[in-house]
1. Kindly state, to the nearest 0.05, the FRET efficiency for LYS103 paired with GLN166, given R0 = 35 Å and r defined as their beta-carbon distance.
2. Highest mean first, what order results for 65-74, 105-114 on Cβ atoms within 10 Å?
3. Provide the packing ranking of 141-152, 170-181, i.e. peptides ordered by the mean count of other C-beta atoms within 10 Å per residue, highest first.
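Just so it is clear, none of the values below were taken in a lab; they were calculated from the coordinates. All figures in this text were calculated on a predicted structure; none of them were measured in a lab. So basically every Cβ, Gly included, is an ideal-geometry build from the backbone, and we count neighbours across all protein chains shown.
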Amino acid sequence: MKVDNPSKHKIQQQEEEEEEAEQMCRTIEVASVVDLSPQPAPVVTGDEVTLIPPLNFSMVDNGIFRSGFPDSANFSFLQTLRLRSIIYLCPEPYPEANTEFLKSNGIKLFQFAIEGHKEPFVNIPEDMIREALKVLLDVRNHPVLIHCKRGKHRTGCLVGCLRKLQKWCLSSVFDEYQRFAAAKARVSDQRGTRILSPALE
């Protein structure tokens with residue numbers, strides 16, 4: 001006698017609803033800001049240069065970095081990376097101080113307006129993630145910094161998709177995601193990486 005598993009049925013039903021739901025993708029804003037003026041010198045206090053990395057900063061791969069939202073205290077550190085571009089994964093406008101930093105250092109800004117959600121099982125904007133991956137994989141944009149607000153969920157989702165392209169197994173992808181997300185790991189982001197996996201292979 002075959003017994004239906006109610007939890008399996010519920011998961012299948014949620015997946016079907018998600019596939020039918022409208023994509024959260026909005027228009028992708030890509031702002032190219034390039035200024036070839038000389039780079040300002042790092043901030044010097046006394047005899048030492050102050051270099052403070054942004055929250056959750058880490059190297060992902062050669063020429064690819066990730067972090068939380070950088071502020072003015074991080075600018076001297078970011079100058080040492082000699083960035084060509086930044087991939088910003090939030091819908092909010094880039095602050096004026098950060099925009100000025102980009103202009104003075106000849107850094108391009110690629111903005112992908114991905115909404116942050118606390119609820120599980122929220123649709124992942126697949127089209128937007130694919131476009132962000134195209135920018136990320138283009139070595140002409142390297143060195144590149146990927147960031148959202150805290151460098152956890154949206155950044156982790158994009159990095160997870162990159163890892164799948166690099167042929168990482170899902171358990172390793174999720175381990176890396178959880179290392180940055182800590183107690184705030186979201187099922188929706190991990191599911192997004194899993195959903196996108198077949199298309200990325």
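1. Efficiency at R0 = 35 Å is approximately 0.60.
2. Final packing ranking: 105-114, 65-74.
3. Numbers: 141-152: 21.4, 170-181: 16.1.
In descending order of packing, they fall as 141-152, 170-181.
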